[in-house]
Amino acid sequence: MSRLILALDVLDREKAMNIAKRVAPHVHAIKVGWPLVMNTGIEVVSEISRYAPVICDFKVADIPNTTRLIVRTARENGASGIIVHSFVGHDSVEAAVAEAGDMSVYVVTEMSHPGALDFMQSVTNRMIEIAKNAGAKGIIAPATRPERLREIRKIAGELEILSPGVGAQGGKAKDAIEAGADYIIVGRRIYNAEDPEKEAMAINKEIEKE
Ligand code: BMP
């Protein structure tokens, strides 16, 4: 079973569907976010879910009621998972989990880009507690900082760790898995490759060697 999640951040519907069809057999899930949904419509979620489970990366950061409305819309369109922010506080994350039903909720705890050091990193541990207490399925933590992944793994308990930042942002697939990530999230390295399917297979091999 693959530990790879494709971040499908392309803007064109046909291109998205072509890549999704070819890469789906080699991934655990496909992550769909604002770039694709804003350019094609929310229906793209159910269309892609015919090929692989879809995680909606809507990075929800709102009051509980608005959070519920967004989570419900993702669920009604066939999503298997949704990504929410936790800096907004426990009640919004709890609302997401309550509305999610069978869908998995993933909570952002520390982002992969350099700017995450400005504020986020200082409250990562508290955000992990919020994710745990709310009953989330997992958290998002950075493949660009394997040393942080190791620390986060120690306190994350049963939470799954989904780790972006492999490839274009400089992180290495194998390093992230060895540091404790359950899944790695990869976008540009796959969808910008000449042969996205081959690239996904190559990444799977890198992780298997572990
Ligand atoms: P790429 O492999 O092209 O860098 O894409 C990474 C994907 O993961 C993007 O969709 C990005 O929005 C997302 N992501 C991230 O890079 N860092 C985070 O901390 C959280 C994310 O969701």
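The values are calculated or read from the model by the stated rules, or taken from the named source; none is laboratory data. Keep in mind that what you see is a predicted model, and the values were worked out from it rather than measured. Methodologically, a virtual Cβ is constructed for each residue, glycine included, from the backbone with ideal geometry; neighbour enumeration extends over all protein chains shown. Quick note on the areas: whole protein, heavy atoms, side chains included, nothing else; ligands and nucleic acids left out. Shrake-Rupley method; radii C 1.70, N 1.55, O 1.52, S 1.80 Å.
For segment 1-20, the residues whose amide N sits under 16 Å from a probe point set 7 Å from the Cα of residue 197 along the beta carbon direction are 15-20. Length, then width, then depth: along the principal axes, the Cα atoms of segment 89-165 run 33, 21, 19 Å.
Which one, 78, 10, 27, projects farthest toward the positive side of the charge dipole computed for segment 1-117 from Cβ point charges (K/R +1, D/E -1)? Ranked along the dipole, the leading option is 27.
Protein heavy-atom surface of the chain, 1.4 angstrom probe: 48% of the accessible area is carbon and sulfur, with nucleic acids and ligands not counted. Spin-label model, residue 15 to residue 123: label points 7 Å out along the Cα-to-beta-carbon direction sit 3.6 nm apart. Using only side-chain charges placed at the Cβ, +1 for Lys and Arg and -1 for Asp and Glu, the dipole size of the chain relative to its Cα centre rounds to 240 debye. With all protein chains kept in place, the per residue accessible area of segment 51-210 amounts to 46 square angstrom at a probe of 1.4 angstrom. Taking a quarter of the surface of the Cα convex hull of segment 115-199 gives a mean projected area of 5.9 nm². From the largest down, segment 68-129 spans 36, 22, 16 angstrom on the principal axes of its Cα atoms. Simple point charges give the picture: +1 on the Cβ of Lys and Arg, -1 on the Cβ of Asp and Glu, and for segment 23-130 a dipole about the Cα centre of about 160 debye.
Can you check how the C-alpha radius of gyration of segment 118-159 compares to 2.2 N^0.38 Å, as a plain ratio? Walk me through the numbers before you get to the answer.
Numbers: Rg = 10.0 Å, N = 42, 2.2 N^0.38 = 9.1 Å.
Ratio of Rg to 2.2 N^0.38 Å for segment 118-159: 1.10.
The charge dipole of segment 114-210, taken about the Cα centre with unit charges on the Cβ atoms of Lys, Arg (+1) and Asp, Glu (-1), comes to about 260 debye, rounded to the nearest 20. Each helix, a run of at least 4 DSSP H residues, gives -39500 (n - 2.57); summed and divided by the residues of the chain, these come to -12500 deg cm²/dmol at 222 nm.
Please state, to two decimals, what the Cα-based radius of gyration of segment 4-208 comes to when divided by 2.2 N^0.38 Å (N = residues). Show your work: numbers first, answer last.
Numbers: Rg = 15.9 Å, N = 205, 2.2 N^0.38 = 16.6 Å.
Expressed relative to 2.2 N^0.38 Å, the Cα Rg reads 0.95.
The calculated FRET efficiency for the pair residue 155 and residue 72, based on their C-beta separation and a Förster distance of 45 Å, comes to about 0.90.
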